[in-house]
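Working notes, beginning with the structure itself.
The values are calculated or read from the model by the stated rules, or taken from the named source; none is laboratory data. From a predicted model like this one, the values you see are computed outputs, not experimental measurements. A quick note on method: Cβ atoms are made from the backbone with ideal geometry, for glycine too, and the neighbour counts reach across all protein chains shown.
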Amino acid sequence: MTSLFSKFEGTASALGALVEAGGRNPFAVVIEKPISSTVGLIEGRETLLFGTNNYLGLSQSERAIKAAQDAVSKYGVGTTGSRIANGTQSLHRQLEQRIASYFGRRDAMVFSTGYQANLGMISTLVGKDDYLILDADSHASIYDGSRLSPAQVIRFRHNDADDLHKRLKRLDGTPGAKLIVVEGIYSMTGNVAPIAEMAAVKRETGAYLLVDEAHSFGVMGKKGLGVAEEAGVEADVDFVVGTFSKSLGTVGGYCVSDHPELEMVRLNCRPYMFTASLPPEVIAATMAALEDLADHPELRTQLKENAARLHAGFHRIGLNASRQVSPVIAVTLETLEQAIPMWNRLLDLGVYVNLSLPPATPDHRPLLRCSVMATHTAAQIDQAIEIFRQAGLEAGALKETVA
Amino acid sequence: MSETVESVSALIIQKLLANPKVPRDIDGNCKIMEDLAFDSLAVMNFVMEVEDTLDVSVPLDKLADIRTINDLAKCIVDLKNKG
Ligand SMILES: Cc1ncc(COP(=O)(O)O)c(C=O)c1O
């Protein structure tokens, strides 16, 4: 008889090899406890956190902690219900209004995670005769949304507005609406979308545009609204999807839009309807974090400076780091034989980053993915660069001459 | 321009052979993932190249049903005739 589990043999042997090569399972790192936004206890050691997506450090916001404590005492710990049944409390509507008004949009939908926000919006907005046009390097939640939708799905080359244009032109004359989906900052590589060019294609072809600002909200633009604000093309974006789990430091997802039909999406969107809503303390903490974000634009300035410092440092020591400066900085290595020992050495020496392995990386090469925070000090960044140099030399990813 | 399953299949094979890792003895009946050891991402990226040469877009949902080189060729010819 066929074993149910034989499909996992490939994963099991790959994981075995990974642990053998480096001594640790990179997918089972435990942060025993956070000491601050930038330091966590891992394997009993204080470790610099350079892989948490906690861009503004707001997971440790005093205001958010206080708000969560108050909400928990007042309302309890959970809602025990879906948004369209017993799971909407006045806090949920308040948060939706605040998010919508911060974006200057008509309305917002709050989901239990960003993953569900993409899954829900993408699968619900496009129907059988419609077309979804996705960037080739889209996040798993976007691909999964496309699989849940009945629409025809077409990929265009990553960040290539000409290719997007060409693929939309091929659809000239076909019935059905077209929805373009792009991300603001790509989560693995830190690549920033050329959103003004994408918006121009959208205008010319009459398509709709959804932008996932998961990694760019709180990070780019004057108010922190993301790449569309930074590029001055907010009016061309029909739907913004985002998450509370990165710059706002909590958990949850959202979509904001000026289209009044968003109200109808609520009643057709399975990942919104068939799951419990966020607990009151998370909603309260998120509203408080949103106030922090609005009140402290200097956090974004500091984040930019910190990202530039780490980026310059990596290039100075000779690492193949992302071309663009963004708070996501990926170091590309040539082989697993370099990447695995290097990632392990980094952790031994006190720096935690994300190890991303093919096929989850865009060009089949391994990445050491770093995320920078506004709350990192210059000394912490310099220390991380020095540890990268040492680990890179030991793993054979760097040559001695570039000290 | 009228492509046939044979001509598209030949073009796909020619493109595949440009990749030194692909076995030399492939034909239209080869299974793309199993016989050529392509993962799903590699398949999607390869199909993009074919799309550009033939000026056609193959929706991802159609890709799910495609196993052999000839399946892909047939799907592309159908899409071109429809358009
Ligand atoms: C681009 C992108 N979209 C959506 C998500 C999902 O966010 P969440 O963690 O809230 O599920 C993530 C993060 O994992 C992401 O990187």
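Of all the residues that make up the range A:98-109, how many are more than 16 Å from the ligand (Cβ to nearest atom) and either of a type in the set (Asp, Glu) or in contact (Cβ under 8 Å) with a residue 40 or more places away in the chain (or both)? Break it down stepwise before answering.
Step one: filter the range A:98-109 for residues more than 16 Å from the ligand (Cβ to nearest atom), giving A:98, A:100-107.
Next, only the ones that are either of a type in the set (Asp, Glu) or in contact (Cβ under 8 Å) with a residue 40 or more places away in the chain (or both) stay: A:98, A:100, A:102-107.
Counting residues in the range A:98-109 that are more than 16 Å from the ligand (Cβ to nearest atom) and either of a type in the set (Asp, Glu) or in contact (Cβ under 8 Å) with a residue 40 or more places away in the chain (or both) gives 8.
Of everything listed in (1) out of contact with any Gly (no Cβ under 8 Å at 6 or more places or on another chain); (2) assigned to a loop (DSSP other than H, G, I, E, B), the single unmet condition for A:Pro150 is (1). Among the residues of the range B:34-83, those that are within 11 Å of the chain's Cα centre (by Cα) and facing chain A (nearest Cβ under 10 Å) comprise B:Met44, B:Asn45, B:Val47, B:Met48, B:Glu51, B:Val58, B:Leu63.
Confirm whether A:Ala360 is without any contact (Cβ under 8 Å) to a residue 12 or more places away in the chain and either part of a strand (DSSP E or B) or surrounded by fewer than 19 Cβ atoms within 10 Å (Cβ to Cβ) (or both). Answer is no for this residue.
Restricting the search to the range A:140-199, which residues are closer than 20 Å to A:Asp363 by Cα and within 13 Å of chain B (Cβ to nearest Cβ)? I'd like the intermediate steps shown before the answer.
Residues of the range A:140-199 closer than 20 Å to A:Asp363 by Cα: A:140-143, A:154-161, A:163-164, A:182-194.
The answer is A:Ala140, A:Ile142, A:Tyr143, A:Ile154, A:Arg155, A:Phe156, A:Arg157, A:His158, A:Asp160, A:Asp163, A:Leu164, A:Met188.
In the range A:20-37 there is at least one residue that is under 30 Å from A:Ile65 (Cβ atoms) and among the hydroxyl-bearing types (Ser, Thr, Tyr).
Considering the range A:139-152, the residues that are hydrophobic (A, V, I, L, M, F, W, C) and within 11 Å of the ligand (Cβ to nearest atom) include one that is surrounded by the fewest Cβ atoms within 10 Å (Cβ to Cβ), namely A:Ala140. Screening A:Gly78, A:Gly51, A:Gly40 for residues that are modelled with pLDDT of 95 or more, away from the ligand (no atom under 16 Å from the Cβ) and assigned to a loop (DSSP other than H, G, I, E, B) leaves exactly one candidate, A:Gly78.
Would you mind stating whether B:Thr53 is at pLDDT 90 or above, in contact with a Gly (Cβ under 7 Å, 6 or more places away or on another chain) and among the β-branched types (Val, Ile, Thr)? No: the conditions fail for B:Thr53.
Tell me, which residue of the range A:257-311 that is among the polar types (S, T, N, Q) and under 19 Å from the mean Cα position of the chain (by Cα) is farthest from A:Tyr208 (Cα to Cα)?
So in the range A:257-311, the residues among the polar types (S, T, N, Q) come out as A:257, A:268, A:275, A:277, A:286, A:301-302, A:306.
Now drop any that are not under 19 Å from the mean Cα position of the chain (by Cα), which leaves A:286, A:306.
Numbers: A:Thr286: 29, A:Asn306: 35 Å.
Among them, the one singled out is A:Asn306.
Pairing each residue of the range A:331-350 that is over 23 Å from A:Arg316 (Cβ atoms) with any residue that is buried (at least 18 other Cβ atoms within 10 Å of the Cβ) and of a type outside the set (D, E, K, R), provided the two are 6+ apart or on different chains, yields C-beta distances under 6 Å for A:Leu336/A:Pro366; A:Ile340/A:Gly22; A:Asn344/A:Gly22. Between A:Arg93, A:Arg155, A:Arg170, the distinction of being farther than 29 Å from A:Glu263 by Cβ, free of Cβ contacts under 8 Å to residues at least 12 places away in the same chain and of a type in the set (Lys, Arg) belongs to A:Arg170 only.
For the residues A:Leu91, A:Leu15, A:Leu56, A:Leu95, the requirement of being assigned to a helix (DSSP H, G or I), within 16 Å of the ligand (Cβ to nearest atom) and surrounded by 12 or more Cβ atoms within 10 Å (Cβ to Cβ) singles out A:Leu95.
Comparison of A:Ala321, A:Ala289, A:Ala285 shows that the only residue that is more than 16 Å from the ligand (Cβ to nearest atom), within 27 Å of A:Leu48 (Cα to Cα) and small (Gly, Ala, Ser) is A:Ala321.
Of all residues in the range A:158-179, at least one satisfies being at pLDDT below 95 and charged (D, E, K, R).
Name the single residue, out of those in the range B:14-33 being within 14 Å of chain A (Cβ to nearest Cβ) and free of Cβ contacts under 8 Å to residues at least 24 places away in the same chain, that is farthest from A:Arg170 (Cα to Cα). Going through the qualifying residues, I end up with B:Lys21. In this structure, does A:Tyr131 turn out to be under 24 Å from B:Asp52 (Cα atoms) and more than 22 Å from the chain's Cα centre (by Cα)? Here the answer is yes, as A:Tyr131 does meet what is asked. Just one of the numbered conditions (1) in contact with a His (Cβ under 9 Å, 6 or more places away or on another chain); (2) surrounded by 22 or more Cβ atoms within 10 Å (Cβ to Cβ) is not true of A:Asp107: (2). If you go through the range A:110-138 and pick out every residue that is assigned to a strand (DSSP E or B) and within 14 Å of the ligand (Cβ to nearest atom), you end up with 4.
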